[in-house]
Amino acid sequence: MPKKKIRVLTASFLAAAFVITAGFAVQGHVRATQYRRLLDNGYLHAFAELTTASSELEVALTKMSHATSPALFASLCAQAYSKAQAAQSALGELPYGNVELEQTAAFLARAGDYAMALAQGTSAELVCSDEHRDTLYQLSQAAGELSLTLETLQAQLTAGAIQPEDLAQAQDRLAADDGSGQVNGGSAFQSVESDFPEVPTLIYDGPFSQHLDGRTPRMLKGLPQVTEEEARQAAASFLGLRPEVFTLTARSEGNLPAYGFTAMVDGGQLYIQVTCQGGQILEVFSSRTAGETALSRAEGCEKAAAFLAEKGYANMAPSYFMEQDGVLAINFAPVESGVYCYPDLVQVSVALDTGEIVGFEAAGYLTHHGSRDLPSPTVDAQTAQALVDDSLTVLSHQLALIPTGGDYEVLCHEFKCQAQDGTHVLIYVNALTGQQQHILLLLEDENGTLVL
């Protein structure tokens, strides 16, 4: 073939390849543009939902501050909680939501939970106190100011004056922290935080109540801080291993600051947390895979109970369990004067091939356990049982101390019942007031029981 013809063919092939490549590039650019448009529309929708829900939260809180009818007040509490949840959900869809809008997220969580706590305290005699009404008014004012800021940003977004970010942009910018705690080149949405209104201190019976901030777990009160080496010795003593096999890999903070150690034991990695205050064992986890099952669940429970007794956990009684991949996880609660103390739960996991303890979790126990003056029930079991729905068949009864949403405990009659469809339900009746306190559903299968 003549060289001239070869050059012509080569040039033709190269031109064709260039055209095809350019076509793919254009097609890819079009798809990327479409994808970005969809992503932006999603973020615009989420921000609009956040703005709307915040405005509706303000309205519900304002109405709550004026309501005097128990039924209406409870309904408005439910509305406020629903709007706070909707706002939190929308905030979670924004790539910068829970980082740059941290105060906003905390406000929404606390306002919704506060409304729910007030609804649970409503009675025919009292809707809420004057102090609560003042707090509701302040919350509604804060929600109103937040709503105005969000509406301003919403208008700028709609007009195209500012643009929503995608996740990669937000992550890149948030990663550019200069070490001062301030993010370099923050987004326009940080104005929500910089202009955030003053919020009243919320003290109530709920998980976001500010009286819980900085509290010391009961089992750690008065105990000294321990060094890393002392914590390592505590870990070794608890597990019967040599201290030198443990390597410090973490140092967690929060209400239960702890040292985290790892060790390679019996073909698996062992992780253990030891509290910085008092050197108490917080958690143990082994990654060892269990082999063929050799022990029954009853035998596994006996192993776990013996382990707790050996470690000084007295009067512990098993409650519910779950078996997965040859490991049996059992919840234990201490029994005091015939009362099951559920706030003090300890979970122990046993490998059913060897009976080895492969898991331990004691956060609830360290937080809540201590000397208690348990009240005597003023409502007897028979009176309490009358509050159980007639469609349920009572199978058993016991006295139980259950946690509330915050830092309090309630003595209750616990009735395990069977529903008409054969499922099991736990009904808790307050042993002092005679009112239904709580209801739990038991989801039971061949692997164990989940409590909802």
Can you tell me the relative contact order of the range 218-368? Whole percent, Cα pairs under 8 Å, sequence separation 6 or more.
20 percent
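Once you charge only the Cβ atoms, +1 for Lys and Arg and -1 for Asp and Glu, what is the size of the charge dipole of the range 218-368 about its Cα centre, to the nearest 20 debye? Numbers along the way, then the final one.
Working: 9 positive and 18 negative charges, 73 e Å.
Charge dipole, the range 218-368, about its Cα centre: 340 debye, nearest 20.
When a footprinting reagent is the concern and you count Cβ atoms within 10 Å, what order do H413, H424 take, fewest first? Show your work: numbers first, answer last.
Numbers: H413 25, H424 18.
Ordered by Cβ neighbours within 10 Å, fewest first: H424, H413.
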From the alpha carbon gyration tensor of the range 226-348, can you work out the equivalent ellipsoid semi-axes (sqrt of 5 times each eigenvalue) and give them in Å, largest to smallest?
25, 20, 12
The local net charge around A362, scoring Lys/Arg +1 and Asp/Glu -1 for residues other than A362 whose Cβ lies under 15 Å from its Cβ, equals -2
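Fewest first, what order do M64, M219 take by the number of other Cβ atoms within 10 Å? The partial results should precede the final answer.
Details: M64 28, M219 18.
Arranged by neighbour count, lowest to highest, M64, M219 become M219, M64.
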Less than 15 Å Cβ to Cβ from L426, Lys/Arg counted +1 and Asp/Glu -1: what total charge do the surrounding residues give?
-2
Answer with one residue from G267, S319, S252: the one whose Cα lies farthest towards the positive end of the charge dipole of the range 249-387, charges on Cβ with Lys, Arg +1 and Asp, Glu -1.
S252
Point-to-point label distance, T216-Q324, nm (Cα→Cβ direction, 7 Å offset)
3.6 nm
What number in nm² do you get for the range 212-291 if you take the convex hull of its Cα atoms and divide its surface by four?
5.9 nm²
Calculate the length of the line joining the C-alpha centroid of the range 383-452 to that of the range 271-289, in whole Å.
32 Å
Sorted by average packing, counted as other Cβ atoms within 10 angstrom per residue and highest first, what order do 438-449, 138-149 take?
138-149, 438-449
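Taken together, the values in this text are just the output of simple stated rules run on the coordinates, not laboratory data. All figures in this text were calculated on a predicted structure; none of them were measured in a lab. As a convention, Cβ positions derive from the backbone with ideal geometry for all residues, glycine included, and neighbour counts pool all protein chains shown.
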